[in-house]
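Below: the structure, in C-alpha cells.
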Amino acid sequence: MAARRPFSSSRPGVVRRSAAQAPRPDPASQPDLPAVANERPPPTESRSARQGREAQALAELRPLAVPLLDPQAVSGLTQAAVGQFLLQGQSPNTVASYGTATRYWSAWFAARYGQPLALPVSVPVVLQFIVDHAERLADSDDGPAASGRPARLVHDLPEEIDRLLVATHFKGKVGAIALGTLAHRISVLSKVHQLRGLDNPCAYPSVRQLLRKVRTSYARRQVRPHQQKALTRDLLEEVLATCDTPPIGIRDRALLLFAWSSGGRRRSEVAEATMENLQDHGDRGYVYVLGHSKTNQEGRATDSMQKPIAGRAAAALRAWLDLSGVRSGPIFRRVIKGGRILAEPLAPRAVRTIVMNRATRAGLPGHYSAHSLRSGFVTEAGRQQVPAGDAMKMTGHKNWEAFMGYYRVGDLLSSETARMLDGPG
C-alpha cells in the first residue's frame, strides 16, 4: 500500500507553512475587543475562579434604557400579553360563551344584591345562584302532591328580577335555566377565580354537593339534556336535494358533504377550513389535514388528523372549487346577492344557519343545527355497524361515552337482543 502523502493545494504558487513558520500578528495593530462572558476560561483557571468571573459578568449585564422587572410580581405589560395568549388560545365560541356567562353573573348579582359584582365571590352567593336557577319539586316528597295534582316545579329567583333580566336581554326567557347552562355558568365563575389565583367558591364541598344533588334530582324526574336531531344519511339526502341553485347551492352541497363525510366536523372547523390544508389526490379524492380541533387544541401531530374526502363528497367539493376559483385561503366563502363570491370566509354561525335553513326547506320535522351533522355521522356509523374505533378516528372523539351515546342509538334497532321474540321458538 502506498504511503499517504500530506495534503497540498493544487493551486500553483501556494506555499504551505508550518505553524512555526506562519507570521504572527503585531499585538499593537490589533483592536481592543470587549470581554465576552462565556469566553473559554484559561486551562489553569479553578472552578471557584470561573464561577466568580461568570458572576461578575452577570452582575454587569444591565440594560441601559429598559426598566428592570420585579421577579416577584407580574408587570402590567406581561399581564396583558398573558391575557392575549389566553384569549387567542380559545375558540371564538368559547370566548363568546364565557362573555355571556360573566355578563349574566354581573347582572344577576346587581339585581339580587344591589351592588356591583366583586371578586372573589363568596360561597353563599354561589349557593344562592344555584337555587335561583335550578328547578325543584314544590312538595316535600319526590312525587306528586298528596292531592293527586301534578307536582309543581319552583325556583327561588323572584319574578320581578326574572322579568327584569329578560327585559334587559341578559336572560332569554322567564323561568329556570337549563341544567347544562347552569353548570356552564358555575364552571365559568370557577375558571375566572382560578386564572386570577383567588379563593374559588365553586370548589367548596357545599357547592359541589349541591350541584350533585341538583343533577340527581333532574335525573330522577327524567329531565335529559336537549339534543338537536341527527342528520343521518336518509335525512341528509333530503337536505342535499335542496342544494340546486348555483352558486349558493353548489357551495352548500359541498359544505354539507365535506362536514358530514369527514367525520361530522364542527361548525368552527368547517368555517376555518383552508386550501393550504387540503391535499388533492386527483380521481381518488382529497385528504384534509385537521391541524386544530376541540380535542386537539395544541395541534399535536396524530394519525387521526387526516380526514378523507372521497366519492360524492369529493365530487361536490371539486365542483365548488372549480366554480368559485378558490385556490388559497378559506374553502367556504360568503356569497352575496347576485351570486358574487367574496374572499372572506363563512362565520361559524353561518354554517349553523345553512344547516337549519336547508333542513327547513327539505321539510324535515324537528330542530337541526350544525351539530346534527356530527351526531348524524356517528348515528349512521352505528346503523351500518362501522367499527367504533374507525368511526372515532374520523370524528376525533376523546370521550368514549359521548361517542357511544350516538353510536348505540344508530345500532339499537339492529341489535339481535331486540328481536329475540321474533326468532324460532
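Could you work out the local net charge near Ser262, counting Lys and Arg as +1, Asp and Glu as -1, over the other residues with Cβ closer than 12 Å to its Cβ?
On the way: positive: Arg265, Arg266, Lys307, Arg374, Lys393; negative: Glu269.
Every neighbour counted, the sum reads +4.
Size of the dipole of region 233-415 about the Cα centre, Lys and Arg at +1 and Asp and Glu at -1 on the beta carbon, nothing else charged, in debye to 20?
480 debye
What is the fewest-to-most order of Ser372, Ser415 by other Cβ atoms lying within 10 Å of their Cβ?
Values: Ser372 28, Ser415 10.
Ranking Ser372, Ser415 by Cβ neighbours within 10 Å, fewest first, gives Ser415, Ser372.
For region 233-415, compute the orientation-averaged projected area of the C-alpha convex hull (one quarter of its surface), in nm².
Its average projected convex-hull area is 10.5 nm².
Cβ neighbours within 10 Å, averaged per peptide: list 168-179, 249-260 in order, most packed at the top. Mind showing how you got there, number by number?
On the way: 168-179: 14.8, 249-260: 23.8.
Averaged packing, sorted descending, gives the order 249-260, 168-179.
If you build the Cα gyration tensor of region 122-271 and take the root of 5 times each eigenvalue, what three semi-axes come out, in whole angstrom, biggest first?
Over the Cα atoms of region 122-271, the ellipsoid semi-axes are 39, 23, 16 Å.
Using amide H atoms built 1.01 Å from N in the peptide plane, name the residues 5+ places from Lys171, or on other chains, whose amide H lies under 5 Å from its own.
Val166
What does the extension gain come out to for Thr94 and Gln306, with contour length at 0.36 nm per residue minus their alpha carbon separation?
Separation in residues times 0.36 nm, less the Cα-Cα distance, equals 73.9 nm.
No value in this document is a laboratory result; all are computed from the given coordinates. If you're wondering where the values come from, they're calculated on a predicted model, not measured in any experiment. Please note: Cβ atoms are built from the backbone with ideal geometry, for glycine as well, and neighbour counts cover all protein chains shown.
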